[in-house]
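**Student:** This is the structure, below, for whatever I ask next.
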Amino acid sequence: MVAARDLFYRYGLHPVGVDAIAEAALTNKMTLYRHFKSKDDLIVAYIKKLADEGDEVWERIISENSGDPQKCLDAWVDYVEDVLTNKLERGCAIANAAVELDPEHPARALIEAYKRRKRANLVKLFKAARYRDPELLADEVFLLFEGARINIQCGKKGPASRLVRMLRNLLAAGPRLSGSKARRSQGAA
């Protein structure tokens, strides 16, 4: 899986053949096919692994900053900064895969579910941090981060290089509920 992951991320799903994966893994196609019935099964396993890792990052951020939504937000923005300044960053591997896959490919359902969870997690965090319109803010933040990861593939000096400052400004300026409105809003949920 490690060899396939590296090759898929660097070159894409379609250009990488099973022969290249087997060679990079220092094995043969027969061994590879013992673990995965087809290249499509390997792609599904690759996407599942990426989604699981993304979920683990979110869970770690939440657990390390338990009980303090602002600290969670700050930690998430720090994570975003780490991602975008990584010299090996070539965009979101999951989004890169989505572009290559037909809508009927079994990995697409995993991709779509992961991206929905990612947005839903932001909504929950923005609600906990008492932002007035957590759904809209989640859409804005989600699209900014997704767009930055695509932009980074076109050159590190573009708008992606300013994303962290944009996120911090957006979150600082986002209107929040007052104490009594927050209690009424949370009671209605």
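The values are calculated or read from the model by the stated rules, or taken from the named source; none is laboratory data. Owing to the predicted nature of the structure, the values given are computational and were not obtained by experimental measurement. All Cβ positions, glycine included, derive from the backbone under ideal geometry; neighbour counts span all protein chains shown. The protein model used for the area step is the full one, side chains on, heavy atoms only, and it has no ligands, DNA or RNA in it. Shrake-Rupley method; radii C 1.70, N 1.55, O 1.52, S 1.80 Å.
**Student:** Could you tell me whether any residue of region 53-75 is farther than 30 Å from R176 by Cβ and not aliphatic (A, V, I, L, M)?
**Tutor:** Taking region 53-75 as the starting set, the residues that turn out to be farther than 30 Å from R176 by Cβ are 53.
The next check asks that each one be not aliphatic (A, V, I, L, M); those that pass are 53.
So far as region 53-75 goes, yes, one or more of its residues are farther than 30 Å from R176 by Cβ and not aliphatic (A, V, I, L, M).
**Student:** Now a separate question. Go through region 119-148 and report how many residues are of a type outside the set (A, V, I, L, M) and not in a helix (DSSP H, G or I).
**Tutor:** Residues flagged as of a type outside the set (A, V, I, L, M) and not in a helix (DSSP H, G or I) within region 119-148 amount to 4.
**Student:** Counting only residues that are in a loop (DSSP other than H, G, I, E, B) and open to solvent by 20 Å² or more (accessible area, probe 1.4 Å), how many does region 82-118 have?
**Tutor:** 9
**Student:** Can you list the helices (runs of 4 or more DSSP H) found entirely within region 1-67 that contain at least 3 residues being at pLDDT 90 or above, open to solvent by 60 Å² or more (accessible area, probe 1.4 Å) and closer than 30 Å to A120 by Cβ?
**Tutor:** Where helices (runs of 4 or more DSSP H) fall fully within region 1-67 and carry at least 3 residues being at pLDDT 90 or above, open to solvent by 60 Å² or more (accessible area, probe 1.4 Å) and closer than 30 Å to A120 by Cβ, they are 39-64.
**Student:** Among the residues that make up region 9-19, is at least one of them free of Cβ contacts under 8 Å to residues at least 12 places away in the same chain, of a type outside the set (A, V, I, L, M) and under 23 Å from P134 (Cβ atoms)?
**Tutor:** no
**Student:** Going through region 72-130 one residue at a time, which ones are over 22 Å from P159 (Cβ atoms) and among the hydroxyl-bearing types (S, T, Y)?
**Tutor:** Y114
**Student:** Then there is this: Pairs please, first residue from region 163-189 and under 17 Å from E135 (Cβ atoms), second anywhere and open to solvent by less than 90 Å² (accessible area, probe 1.4 Å) and at pLDDT below 65, Cβ atoms under 9 Å, 6+ apart in sequence or on different chains.
**Tutor:** R176/A182; L177/S185
**Student:** Provide a single number: the residues in region 119-158 that are open to solvent by less than 70 Å² (accessible area, probe 1.4 Å) and either out of contact with any Phe, Trp or Tyr (no Cβ under 7 Å at 6 or more places or on another chain) or at pLDDT below 95 (or both).
**Tutor:** The first filter runs over region 119-158 and keeps only residues open to solvent by less than 70 Å² (accessible area, probe 1.4 Å), leaving 119-123, 125-126, 128-129, 131, 134, 137-139, 141-142, 144-149, 151-152, 155, 158.
When the remaining residues are screened for being either out of contact with any Phe, Trp or Tyr (no Cβ under 7 Å at 6 or more places or on another chain) or at pLDDT below 95 (or both), the result is 120, 123, 125-126, 128-129, 131, 139, 141-142, 144-149, 151-152, 155, 158.
Of the residues in that region, 20 qualify.
**Student:** Taking G174 as meeting all but one of (1) farther than 16 Å from D74 by Cα; (2) at pLDDT below 95; (3) not hydrophobic (A, V, I, L, M, F, W, C), write down the number of the exception.
**Tutor:** Every condition holds for G174 apart from (1).
**Student:** While we're here: Can you name the condition, by its number, that S185 falls short on among (1) at pLDDT 85 or above; (2) open to solvent by 30 Å² or more (accessible area, probe 1.4 Å); (3) in a helix (DSSP H, G or I)?
**Tutor:** (1)
**Student:** Kindly indicate the residue of region 122-136 that is among the charged types (D, E, K, R) and under 19 Å from the mean Cα position of the chain (by Cα) and also nearest to P69 (Cα to Cα) among those meeting that condition.
**Tutor:** K124
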